[in-house]
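The values are calculated or read from the model by the stated rules, or taken from the named source; none is laboratory data. Everything quoted here is computed from the prediction, not taken from an experiment. Using ideal geometry, Cβ is built from the backbone for each residue, glycine included, and neighbour counts are taken over all protein chains shown. Just the protein is used for accessible areas: all its heavy atoms, side chains included, with ligands, DNA and RNA removed. Shrake-Rupley method; radii C 1.70, N 1.55, O 1.52, S 1.80 Å.
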Amino acid sequence: MSTVKIEAYATALFEIAQADGTLALVEDELFRVARAFESNEQLRNTLSDATIPADRRQQVAEQLLGAKASNTTTQLVSLVVGSGQVRDLPAIVDSLVKRASSEKQQEVAEVRSAVALSDDQKTRLTAALTKVTGKPVNLKVVIDPSVLGGLVAVVGDEVIDDTVRTRLDQLKTRI
Amino acid sequence: MIAQLVGLLASEDPNVTHHWLFPETAEIIYGGLSSVVVIGGLIKLAGPMAKKAMNGRTAKIQKQLDDAANALTTSSTEAVGIRAALGDIAGERARMLAEADTQAAALLADGRARIATEVAELEAKAALDLNAARGRSSDELRAEIAMLASIATPIVVQATLNDQTKNELIESFISSVGAGR
């Protein structure tokens, strides 16, 4: 899909969520859905399989998200699945998150962790990243067991990596 | 005279001799004369022929003697030549043997030198190969250790990373970022 189309979808989703008054929640949920979609090949293949009727794929998406996400998020994902643009879901969501952050004068900070962060940790991490980047950040936490331990934060072009995985890789290189 | 001679002959008994050894005088005279005549005739008639034959024979014998002398001279010359050739052959043989000995000695010396060089080269190569093999083994061992370590380390680390440790790592990250790294 072209950048223009991605931007158009992102704008549409953004405006729906904003109109619904659930932008912060929807943005956060969509971000997690996008990351799950990226890391799960089976889910990706199923939702983008053109041989499966669109309404069936939408049903699958709704069933998957039904209990875990808000109704708006589920509907928006279903909309993208039904339009046949699900392969670009991560790009659409990233664009949406960036736009939402811009609206709030924030920089998106994508943080990967092996375990979930508590609200207190999120708050302190947001404050720390804001301090180090000099800009307010919109924290997005991705649970990624492959990092093993520690955190890696990507804010714009800056990467702050203190994960066990990276340390092991460095150790492996040194060996 | 003839009458005397006939008378003499008639008075003589032909079956009886005057002496058991010597002939009758007349026989001696006539025989002697006859012999002189015959011999004279022979000398006169056959002498030149005999002389010629003897001269021819002498010449032939002389020729044969000369030929023999020439043959002897030739033979002697040839003998000298053969002896000289024999001497040359012996000299050549000696020269060739000496040359062969020299060449053999040179070959031997060359062979020894070459073998010594080859042995030295082989020893040097073997030493290099040995060092390379040592280095290789060492490198292979290091690579093996590194590979095993790279496999084992994440497993060990993952096994030791409990929730508390993970939480401590997160806290450490937040603190270090908050402190401005």
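Considering A:Val26, A:Val111, A:Val33, the condition of being within 30 Å of A:Ala128 (Cβ to Cβ), in the same structural domain as A:Thr126 (by TED's automatic domain parsing) and open to solvent by less than 30 Å² (accessible area, probe 1.4 Å) is satisfied by A:Val111 alone.
Test B:Ile174 against the criterion of being facing chain A (nearest Cβ under 8 Å) and loosely packed, with under 13 Cβ neighbours inside 10 Å, and give yes or no. It is false that B:Ile174 is facing chain A (nearest Cβ under 8 Å) and loosely packed, with under 13 Cβ neighbours inside 10 Å.
Which count do you get for residues in the stretch A:112-136 that are within 17 Å of B:Ser175 (Cα to Cα) and more than 9 Å from chain B (Cβ to nearest Cβ)? Before the answer, list the steps.
Filtering the stretch A:112-136 for residues within 17 Å of B:Ser175 (Cα to Cα) gives A:112-113, A:117-134.
Subsequent filtering for residues that are more than 9 Å from chain B (Cβ to nearest Cβ) retains A:112, A:119-120, A:122-123, A:126, A:130, A:133-134.
The total comes to 9.
If you go through the stretch B:155-171 and pick out every residue that is farther than 20 Å from A:Val154 by Cα and either among the polar types (S, T, N, Q) or at the interface with chain A (Cβ under 8 Å from one of its Cβ atoms) (or both), you end up with 8. Identify all residues within the stretch A:29-50 that are among the small types (Gly, Ala, Ser) and closer than 16 Å to A:Leu13 by Cβ; write none if there are none. Of everything in the stretch A:29-50, just one residue is among the small types (Gly, Ala, Ser) and closer than 16 Å to A:Leu13 by Cβ, namely A:Ala34. Among residues that are surrounded by fewer than 16 Cβ atoms within 10 Å (Cβ to Cβ) and either facing chain B (nearest Cβ under 10 Å) or on the phi > 0 side of the Ramachandran plot (or both), A:Lys104 is not included.
Let's see how each residue does on (1) part of a helix (DSSP H, G or I); (2) more than 17 Å from A:Arg167 (Cα to Cα); (3) at pLDDT below 80:
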| position | (1), (2), (3) |
| --- | --- |
| B:Glu123 | yes, yes, no |
| B:Leu128 | yes, yes, no |
| B:Arg134 | yes, yes, no |
| B:Ala143 | yes, yes, no |
| B:Val157 | yes, no, no |
| B:Thr165 | yes, no, no |
| B:Glu168 | yes, no, no |
| B:Ser172 | yes, no, no |
| B:Gly180 | no, yes, yes |
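Taking the stretch B:139-171 only, how many residues are of a type in the set (Gly, Ala, Ser) and open to solvent by 40 Å² or more (accessible area, probe 1.4 Å)? Total satisfying the criteria: 3.
For residues that are away from chain B (no Cβ under 11 Å) and free of Cβ contacts under 8 Å to residues at least 60 places away in the same chain, scanning just the stretch A:144-169, find the one that is surrounded by the fewest Cβ atoms within 10 Å (Cβ to Cβ).
First, the residues of the stretch A:144-169 that are away from chain B (no Cβ under 11 Å): A:144, A:154, A:156-157, A:159, A:166.
When the remaining residues are screened for being free of Cβ contacts under 8 Å to residues at least 60 places away in the same chain, the result is A:154, A:156-157, A:159, A:166.
Details: A:Val154: 16, A:Gly156: 11, A:Asp157: 5, A:Val159: 11, A:Thr166: 15.
Here the answer is A:Asp157.
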